[in-house]
Structure formats: C-alpha cells, structure tokens
1. I want to confirm something. Restricting to segment 35-79 and keeping residues that are in contact with a strand residue (DSSP E or B) (Cβ under 8 Å, 6 or more places away or on another chain) and assigned to a loop (DSSP other than H, G, I, E, B), which single residue is surrounded by the fewest Cβ atoms within 10 Å (Cβ to Cβ)?
2. Can you find, within segment 118-172, the residue that is nearest to S15 (Cα to Cα) among those that are among the hydroxyl-bearing types (S, T, Y) and under 19 Å from the mean Cα position of the chain (by Cα)?
3. Look at segment 80-120 and say how many of its residues are within 13 Å of A50 (Cα to Cα) and either in a loop (DSSP other than H, G, I, E, B) or modelled with pLDDT under 95 (or both).
4. Of all residues in segment 128-155, which are of a type in the set (F, W, Y) and touching a residue at least 40 places away in the same chain (Cβ under 8 Å)?
5. Which condition number does R196 fail, the rest of (1) basic (K, R); (2) touching a Gly at 6+ places or on another chain (Cβ under 9 Å); (3) touching a residue at least 40 places away in the same chain (Cβ under 8 Å); (4) assigned to a helix (DSSP H, G or I) being met?
6. How many of the residues in segment 134-151 are loosely packed, with under 14 Cβ neighbours inside 10 Å and over 10 Å from L98 (Cα atoms)?
7. Would you pick out the residues in segment 156-178 that are part of a helix (DSSP H, G or I), touching a residue at least 12 places away in the same chain (Cβ under 8 Å) and among the hydrophobic types (A, V, I, L, M, F, W, C)?
8. Residues to consider are S45, S15; find the one that is farther than 14 Å from L112 by Cβ, under 15 Å from the mean Cα position of the chain (by Cα) and not aromatic (F, W, Y).
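The values are calculated or read from the model by the stated rules, or taken from the named source; none is laboratory data. Being a predicted model, the structure only gives us computed values, none of them experimental. Virtual Cβ from ideal backbone geometry, glycine too; neighbours counted across all protein chains shown.
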Amino acid sequence: MRIGVMLASSQADKSCALFQAVQKYAAGSDVVSFGCRTDEPEIYSYVEIALLAGLLLASGDVDFIVTGCSSGQGMMLACNSFPGVLCGYAPTPMDAWLFAQINNGNAVSLPLGEGYTWTGGENMERTIEKLFSEPFGQGCPRSEAERKRRDTAQLKEIRRLSQVEPVEFLDCLDETLVAKFLGKRDVIDDILENGRRGPLLDWLARQRGLTNF
C-alpha cells in the first residue's frame with residue numbers, strides 16, 4: 001500500500017510527527033509526506049488539501065490518505081466531496097479502528113488543533129497505531145462481519161452511482177481554486193510521475209501545458 005500524509009497549513013507543525021507515526025505503524029507500506037510543512041511559503045486551506053488528496057487517490061498515485069485540520073471535521077467533509085473518496089473522521093483510536101474495519105475507506109482525517117493539549121501527540125500516535133493494527137475491511141463485530149462487508153460494498157456502489165467522473169468534477173471548479181491547488185507542485189509532480197495513465201493524468205498534463213505527455 002502507498003500512503004500519502006498531507007495536512008492543511010494550519011496544522012503544518014504536526015506534519016513531521018504524523019508522518020513518522022504512519023511510517024512506524026503502517027508496516028510494509030510506502031509512506032510519502034506531501035506536507036504542508038512549516039517552511040512552505042504558500043498557505044493551503046483544508047479545502048485545497050482535500051482536493052489534492054482526491055487527485056492523489058483518483059489517479060492511483062496513492063491507495064490511502066492520512067490527513068487532518070484543526071477540527072478534523074472540515075477536512076473529512078471536503079475529502080468526501082471529491083468523487084471516489086471515502087474519508088472517515090478519527091478523533092480517537094477506537095474511531096480509527098472501527099472506520100478501518102467497518103467502512104474500509106481510503107482516507108482518514110484527524111483533529112489536530114481542537115482539544116490538542118499535552119496529550120494530543122500521544123492520542124495521535126495511538127490513533128494511527130490502531131488504524132493500521134489489522135487489515136482493513138474485516139467487519140465488526142466479527143460475528144456480523146459478512147453483513148458488515150456487504151453493507152460497505154453497497155455504500156461504495158451507491159456513492160459511485162451518485163458521483164460524476166473526476167475530470168468532469170474538476171472542470172466545474174472555479175479557475176482560481178484550480179490554479180491554487182495545482183500550484184502545490186510536489187503533489188502534482190508525484191501524480192504525473194506515479195499515477196495511472198488515463199483521463200485524469202491527461203487533464204493534469206493539459207493544465208501544465210505538457211503537449212508530449
């Protein structure tokens with residue numbers, strides 16, 4: 001599994017600690033940090049980071065995103081606005097584990113500002129540990145695992161039917177917003193290098209003016 005770690009600029013000071021926690025507990029995974037870092041000159045909102053997370057997932061560049069903002073709620077909602085993203089909200093280790101086992105999504109958002117006292121770092125690490133403690137999608141409780149997996153598959157199919165294709169979605173966005181999130185070159189460069197060839201990568205190449213992509 002390739003995992004992307006990416007935070008809103010408001011929580012850039014937590015970026016390194018979160019990246020290290022994912023590296024520690026997502027054993028055998030390729031973990032990539034996409035910031036935002038405290039030394040980045042540009043400021044990115046949770047909305048812009050969520051759109052970039054959606055691009056990473058839709059392109060096949062990564063399989064899972066670990067993200068967050070001050071409350072965690074805004075990032076979760078924004079991520080779920082992108083076609084194909086199923087993002088959970090994980091304020092506690094148990095929430096993270098239940099999301100992984102029952103909902104089997106492809107992104108998780110943590111609250112990294114609200115209530116982040118001297119115990120915040122410990123809770124964050126334990127949350128990441130619990131998230132990756134077992135293979136995703138096993139169902140919970142185990143006695144109802146088959147039904148839970150069936151329900152999750154049904155939810156994902158309903159979401160797929162209710163959403164447009166990523167390129168159609170992107171074409172509807174305000175040009176200023178598109179220009180802003182495309183300005184995060186480390187993410188876009190990684191997608192163009194490692195993503196799946198198809199309409200989305202072609203769209204990104206056109207935005208970059210790449211004629212021989």
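1. From segment 35-79, those in contact with a strand residue (DSSP E or B) (Cβ under 8 Å, 6 or more places away or on another chain) are 35-36, 46, 49-50, 52-53, 56-57, 61-73, 75-76, 79; that's our starting set.
Next cut, assigned to a loop (DSSP other than H, G, I, E, B) only: 35-36, 61-63, 70-72.
Details: G35: 22, C36: 23, D61: 22, V62: 28, D63: 14, S70: 16, S71: 18, G72: 24.
The qualifying residue surrounded by the fewest Cβ atoms within 10 Å (Cβ to Cβ) is D63.
2. At the first step, the residues of segment 118-172 found to be among the hydroxyl-bearing types (S, T, Y) are 119, 127, 133, 143, 152, 162.
Subset that is under 19 Å from the mean Cα position of the chain (by Cα): 127, 133, 152.
On the way: T127: 15, S133: 21, T152: 30 Å.
Once the filter is applied, the top-ranked residue is T127.
3. Qualifying residue count for the region: 8.
4. Start the filter on segment 128-155 by keeping residues that are of a type in the set (F, W, Y), which leaves 132, 136.
Residue satisfying the conditions is F132 alone.
5. Of the numbered conditions (1) basic (K, R); (2) touching a Gly at 6+ places or on another chain (Cβ under 9 Å); (3) touching a residue at least 40 places away in the same chain (Cβ under 8 Å); (4) assigned to a helix (DSSP H, G or I), the odd one out for R196 is (4).
6. 8
7. The answer is V167, F169, L170, L177, V178.
8. Details: S15 fails: farther than 14 Å from L112 by Cβ.
Of the residues listed, the single one that is farther than 14 Å from L112 by Cβ, under 15 Å from the mean Cα position of the chain (by Cα) and not aromatic (F, W, Y) is S45.
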